[in-house]
Amino acid sequence: MRITVIEDDDRVARGLVTVLTQAGFEVHRVATAAQAVRAAPSDVVLVDLGLPDGDGLDVIRRLRDHPQTAVIAVTARSEEHERVRGLRAGADDYIVKPFGVPELLARIDAVLRRTRAARAHAQADEKLVLGPLRIGVGTREVTVDGTPVSLTRKEFELLLLLARRAPNVVSRDVILDQIWGATWESSSRTLDTHIATIRHKLGSNVAIRTIHGVGYRLLADQPELTG
Ligand code: CA
């Protein structure tokens, strides 16, 4: 399960990342509303309502379009009235600082139970179509011009990440962080190998361009979400 923590206070964020990682979640931390908007989809998002560059409520409203993502608003005791606004904006739950780890984990479990059906449904149905390339997110089936392509788990995750961001460049750091997580320092060469393999398997009708010093971009038609 992937959790995004949106928290500007580094000390609080470090504590959250530590306990959530220990609890078995894949944790991604961002410090601003702007970064939150660019972050990859998560199963759970913890939104601090007091963000320096914008309103956490705006972040929550944007997430309303993602029923498979559970949203928990985080407020300080002094902002208690804010929690009502958080719920109205679309948060599934809220938690008031300071809070204990057991309460946080219990609330996360509860919202995940409520969004489980939406997650299963969204994943089972989602298809990404980019020109000749077709990716079934739930079924993990990939075809190019109708011909099935067999990918390993990492290759599939990597292709899906590039496809979701296409035609934008995805930086090496983002890829390593999201696909290989904590072990990314040892995975930089592995990334190049995976890209080479995926290129070979997809054939010449789908292009993965190397943007030197930056990362990779998948070139095909604009992605079109169906289902
Ligand atoms: Ca704050």
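Each value in this text was obtained by applying a stated rule to the coordinates, not by laboratory testing. Please read these numbers as outputs of a predicted model, since none were measured by experiment. Glycine also receives a Cβ, built like all others from the backbone with ideal geometry; neighbour counts cover every protein chain displayed.
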If R₀ is 45 angstrom, what is the calculated FRET efficiency for the pair residue 127 and residue 76, using the beta carbon separation as r and rounding to 0.05? 0.60
Sort 81, 194 by Cβ crowding within 10 Å, fewest neighbours at the top. 81, 194
For the chain, the dipole about the Cα centre with charges only on Cβ (Lys and Arg +1, Asp and Glu -1), to the nearest 20 debye, works out at 460 debye
By how many nm would the segment from residue 140 to residue 58 lengthen if fully extended, with 0.36 nm per residue of separation less the alpha-carbon distance? 26.3 nm
Name the residue, out of 68, 35, 178, whose mean-square fluctuation peaks in a Gaussian network model built on the chain with Cα pairs under 10 Å. 35
In nm, the gap between the two label points placed 7 Å beyond Cα toward Cβ at residue 35 and residue 10 is 1.1 nm
Going through the stretch 22-65, which trypsin sites (Lys or Arg not before Pro) have at most 16 other Cβ atoms within 10 Å and a DSSP loop state? 64
State whether the stretch 2-119 is rounded, prolate or oblate according to the following rule on the C-alpha gyration tensor (a ≥ b ≥ c being the square roots of its eigenvalues): a/c under 1.5 gives rounded; otherwise a/b larger than b/c gives prolate, and the remaining case gives oblate. rounded
Given charges of +1 on the Cβ of Lys and Arg and -1 on the Cβ of Asp and Glu, with all other atoms neutral, how large is the dipole of the stretch 124-226 about its Cα centre, in debye to the nearest 20? 200 debye
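Ranking 211, 135, 95 by Cβ neighbours within 10 Å, fewest first, what do you get?
211, 95, 135
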Going fewest to most other Cβ atoms within 10 Å around each Cβ, 58, 109 line up as 109, 58
Expected 222 nm ellipticity per residue - DSSP helices of 4 or more, -39500 (n - 2.57), all of the chain, to 500: -13000 deg cm²/dmol
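Can you tell me the length gained on complete extension of the stretch residue 105 to residue 189, counting 0.36 nm per residue apart and subtracting the Cα distance? Each step should come with its number before you reach the end.
Numbers: separation 84, 0.36 × 84 = 30.24 nm, distance 3.61 nm.
Answer, rounded to one decimal: 26.6 nm.
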